[in-house]
Amino acid sequence: MEGHYDFKSIEARWQEYWEDRKQYKVTLTADKPKYYVLEMFPYPSGALHMGHIRNYSIGDVVARYKTMQGYNVLHPMGWDAFGMPAENAAIQHGIHPAKWTAANIANMRRQQQQLGTSYDWDREVTTCLPDYYRWTQWLFLLFYHRGLAYRRKAPVNWCPSCQTVLANEQVINGSCWRCETQVEKKELEQWFLRITDYADRLLKDLELLEGWPEPVKIMQENWIGRSEGAEVVFSIKDREEKITVFTTRHDTLFGVTFMVLAPEHPLVMDLVRGTEREEAVGDFVKKAIKRRDASKDGEELGKEGIFLGAYAINPVNGEEVPIWVSDYVLMEYGTGAVMGVPAHDSRDFAFTKKYGIPQRIVIVPEKDAPVPEELTEAYAADGYLVNSGPFDGLPVAEAQEAIADYLEEKGIGRRAVSYKLRDWLISRQRYWGAPIPIVYCDQCGTVPVPEEELPVMLPEDVVLKEGAVQPLSQVGEFVHTSCPKCGGPARRETDTMDTFICSSWYYLRYTDAGNEEAPFGKEAVNYWMPVDQYIGGIEHAVLHLLYSRFFTKVLYDAGLVQCLEPFTNLLTQGMVIKDGAKMSKSKGNVVTPEEIFEKYGADTARLFILFASPPERELDWSDQGVEGAWRFLNRVWRLVNNNVDLIKAAGEAKESASEEDTGLRRQLHETIKKVTEDIERFNFNTAISAIMELVNGIYRYQDKLELAEQNPALLREVLEKTVLLLAPFAPHLTEELWRILGHDGSVHQQDWPVYDPAALVREEVKIVIQVNGKLRERLQVPVGISQEELETRVLDLERIRALTEGKEIVKIIHVPGKLVNIVVK
RNA sequence: GCCGAAGUGGUGGAACUGGUAGACGCGCUGGACUCAAAAUCCAGUGGAGCUCAAACUCCGUGUGGGUUCGACUCCCACCUUCGGCACCA
């Protein structure tokens, strides 16, 4: 590697320098503007992959740039350290999860340091350590005392491979988000967090998040799934009970021809008890539930149903309609009961086709349009009401208001809102998680562990075996305890918490990581929060990012934080792909950070990753592209080293600057402007390309001029600022070059360069000349030239004369300093 | 089915508010240096036409229309790819 810079010794030396000086340690400094930049903390799986490298490279550029701009920058790192892989490793290799996790953390932390990241390691958090999960438990109790944590028996998602339940957000296409095993339904008694209480605020406050990508907000919006509509109460013929339905189309209430209940609806069996239908309906319900549980998500089941022999009475017209039960109605949404309007709902339409239930048209597309005999498909679009008694002729939107008023007046219904969002199921039947701080006592019932007894320690001595459910229930000395209330014998909760709880508040802990009295102190959290820039993968759009927003809102209500939202700006980075596919072991297209560090060093890895594509897009890994980044850094290295002697002797700038001097200086200041603006917009790729152009410009300057003609003072300015501009991207190399240029201290503690507007001024500009919008000529003119003067000059040009000869000039468009367009006929 | 994102040279990508399409990098071609190679440096590089050459002309940002003096950019319709949701009443 003759002629290449010695990245190995340079990178190791500066990493040591930073560590020795604790250069990136940050403290609360009230008189300095703060900036909190955060990358999503990793699960300690064992080693970093390129996605991590991309994530941390982006964050590190922002942190270093903001530091140079004078901000007090908080840039922490930690470990999302509870979770299944550790437990699986224990089962397969007999290593204790704590040991496995600690070893992985050590390795990954070493790799992050190799990358040259500017983390304040004094604030490192590790969610599986008692000094962290103690506060996770404390927060659970806070939720519990605020009525936001509750236990209930419910049908839940069960992953047979992970042997645990999952939250709705963790079921992807009917499969477990971690292992992709098909999820089953189980009826279990589980702990939930009442996130649905916050549905409306989680939705509404998306408006506050101007710094979030629109697609992420839309995904959350869809996930929360707010629908406005009405609840309508139907009586049942010859019975006391009533059925409440939720509908968004109460304007179609006169078109109801049947009623459908979900198989799990409590009224289903009540209605048939003691009748000839009891057995058939019972069978149907059992089969329907089974069939649905076994089905894949997204698979359309062919709407099976059975008549219950009972009739509901439509409260607006007194009509009696048959009550059915069908698997296309979900118990979990709305009221678990649906009014059937086949003419205006495609599902109801399909169902009635199958069972021969009549339809009634109550909406027509145009006012006073004839009502068709029959529809071939449901008409769900906008229109005007017909066959709807006093509401005939009203447009849909008005009819909804009028009918809602009517329902409320008559006490037969009310306006209502329904959400798709469900409460967050947080119990996990696993060992490697934070124990839920709850005790069950035969005398006192469910008793929260008192705050001063926290943490409820996760016992270390546990046997983990394949297929074992609730490993904690096997640990006698953990399970058996005394009731905090009455002192009598009691049992501990043996489920642990979803790891997403741990990651829902870690960004708060960083602000005050060592605090032993509280999860975080008020002063610290209010100084640092919210996170100014959060960076991570889009896969967390409705998981971590929604949960964290929920946590922040609850803590806001509890008076523990002052911000309504945790993350002001969000950058969702794209995936790293190679040869058209995501890097994966099975595809055999993995490039490890290790091999790149070894061959080219961290600066090259960072530069390539940031240069190859804008951060939110996919990154196509190219070995040749890496070579290119490597070549560029060497080009910078040679440029500085070749000029050290020259510029060290430099005095003041020469009096009469040459044309080349002015040009180079202008390019420098244009580059400072562009790089600054590009970093602000996260266009790192174009920021780097501008630095490359500047370096090319310096080479060209020196190529063109004899040594004696060059301006050493100018070269000094240009080279120093080039090094400063490159510093956030290639932190090690620029430290070394800064030292070579004769400076003490760290380049990262210098001020970010500011461009000189005077240097940008040009005397002449090149004007593009178009005829009828087509480029025909270019003209160099003085900057201040008047429109008239320019016009005369343009029309006088030989080419333009030839093109306009004998034609009528309709008009001439001027774009000052840029373009003249002559429109001819 | 619904919602969203993206389609630009051989290639990754640039063009920020409608104003020189293809910056920068990769690759390729030619040259310099070298006994030779590596490394490095210099020059060229969207396509077609016409040229000794330069100049010039035409075509060109997924497709088809439109708006405009001027469209990768705005509008309408469509195609393809990728992502999210999915019987949500």
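Between A:Glu184 and A:Glu517, what is the FRET efficiency for a Förster distance of 60 Å, r being their Cβ-Cβ separation, to the nearest 0.05?
Working: r = 44 Å, r/R0 = 0.73.
It comes out at approximately 0.85.
Between A:Gln749 and A:Glu460, the FRET efficiency from the beta-carbon distance, with R0 = 56 Å, is close to 0.80. Between the Cα long axis of helix A:278-294 and the first principal axis of chain A there is an angle of about 10°, rounded to the nearest 10. So who's got an amide H within less than 5 Å of the one on A:Val765, skipping anything under 5 residues away but keeping other chains? H placed 1.01 Å off N, in plane. Here A:Val781, A:Val783 satisfy the definition. Karplus-based coupling profile of the range A:566-575, in residue order and whole Hz: x, 10, 5, 10, 10, 10, 9, 7, x, 6, with θ = phi - 60° in 6.51 cos²θ - 1.76 cosθ + 1.60 and x standing for Gly or Pro. Measure nothing but the geometry: give the 0 to 90° angle between the long axis through the Cα atoms of A:787-796 and the longest principal axis through the Cα atoms of chain A, rounded to 10°. With rounding to tens, the tilt is 70 degrees. Sorted on the mean count of surrounding Cβ atoms within 10 Å across their residues, most packed first, peptides A:458-470, A:60-72 read A:60-72, A:458-470. Think of it as helices only: each DSSP H run of n ≥ 4 in chain A is worth -39500 (n - 2.57), and spread over all residues that comes to -11500 deg cm²/dmol at 222 nm.
Distance between the C-alpha centres of the range A:179-241 and the range A:282-345: 20 Å, rounded to the whole angstrom.
What do you get for the angle between helix A:346-355 and the principal long axis of chain A? Use alpha-carbon atoms, 0 to 90 degrees, nearest ten. With rounding to tens, the tilt is 30 degrees. Per-residue 3J(HN,Hα) values for the range A:507-512, derived from phi via the Karplus relation 6.51 cos²θ - 1.76 cosθ + 1.60 with θ = phi - 60°, read 5, 7, 5, 4, 5, 7 Hz in sequence order (x marks Gly and Pro).
Of the peptides A:224-233, A:719-728, how do they stack up when ordered by the mean number of other Cβ atoms within 10 Å, highest first? The partial results should precede the final answer.
Values: A:224-233: 17.8, A:719-728: 24.1.
Result, highest mean Cβ count within 10 Å first: A:719-728, A:224-233.
Put simply, the amide H of A:Leu74, placed in the peptide plane, has neighbours under 5 Å in A:Tyr35, A:Tyr36, A:Val37, leaving out anything fewer than 5 places away on its chain.
Select from the range A:732-825 those GluC sites (Glu not before Pro) which occupy a DSSP coil region and have at most 16 other Cβ atoms within 10 Å, ordered by residue number.
Values: sites: A:Glu735, A:Glu736, A:Glu763, A:Glu764, A:Glu777, A:Glu788, A:Glu789, A:Glu791, A:Glu798, A:Glu805, A:Glu808; in loops: A:Glu763, A:Glu805, A:Glu808.
Of the GluC sites (Glu not before Pro), the ones in loops of the range A:732-825 whose Cβ has at most 16 other Cβ atoms within 10 Å are A:Glu763, A:Glu805, A:Glu808.
Residues in the range A:669-675 carry Karplus couplings, in order, of 6, 5, 5, 4, 4, 5, 4 Hz; the curve used is 6.51 cos²θ - 1.76 cosθ + 1.60 with θ = phi - 60°, and Gly or Pro positions show x.
Where does each of A:130-143, A:271-284, A:239-252 land if you order them by average Cβ count within 10 Å, highest first? Each step should come with its number before you reach the end.
Values: A:130-143: 21.4, A:271-284: 14.6, A:239-252: 19.4.
So the order, starting with the most tightly packed, is A:130-143, A:239-252, A:271-284.
Restricting the calculation to Cα atoms, the range A:523-645 yields a radius of gyration followed by a Dmax of 20.3, 63 Å. Cross-link candidates for A:Lys410: which lysines have Cα within less than 25 Å, leaving aside residues fewer than 8 places away along the same chain? Within the straight-line limit of under 25 Å, A:Lys410 reaches these lysines: A:Lys237, A:Lys242. Here the extension length gained between A:Val810 and A:Ser45 equals 268.4 nm, from 0.36 nm per residue of separation less the Cα-Cα distance.
Give me the extension gain from A:Lys287 to A:Arg801: residue separation times 0.36 nm, minus the current Cα-Cα distance, reported in nm with one decimal. Please list the in-between numbers first.
Values: separation 514, 0.36 × 514 = 185.04 nm, distance 8.64 nm.
Between A:Lys287 and A:Arg801, full extension yields 176.4 nm more.
Each part reduced to its alpha carbon centroid, the range A:417-483 and the range A:589-624 end up 43 Å apart.
Amide H to amide H distances under 5 Å link A:Gly46 with no residue, where only residues 5 or more positions off or on other chains count and H is placed in the peptide plane.
From Cα pairs below 8 angstrom and at least 6 apart in sequence, can you work out the relative contact order of chain A, rounded to a whole percent? Kindly include the intermediate steps, with their values, before the conclusion.
Details: 1423 pairs, mean separation 111.5, N = 825.
Contact order relative to length: 14 percent.
Any read-out appearing in this document is the output of simple, stated calculations on the displayed coordinates, not a laboratory observation. Everything quoted here is computed from the prediction, not taken from an experiment. Quick reminder, even Gly has a Cβ in these numbers, built from the backbone with ideal geometry, and neighbours come from all protein chains shown.
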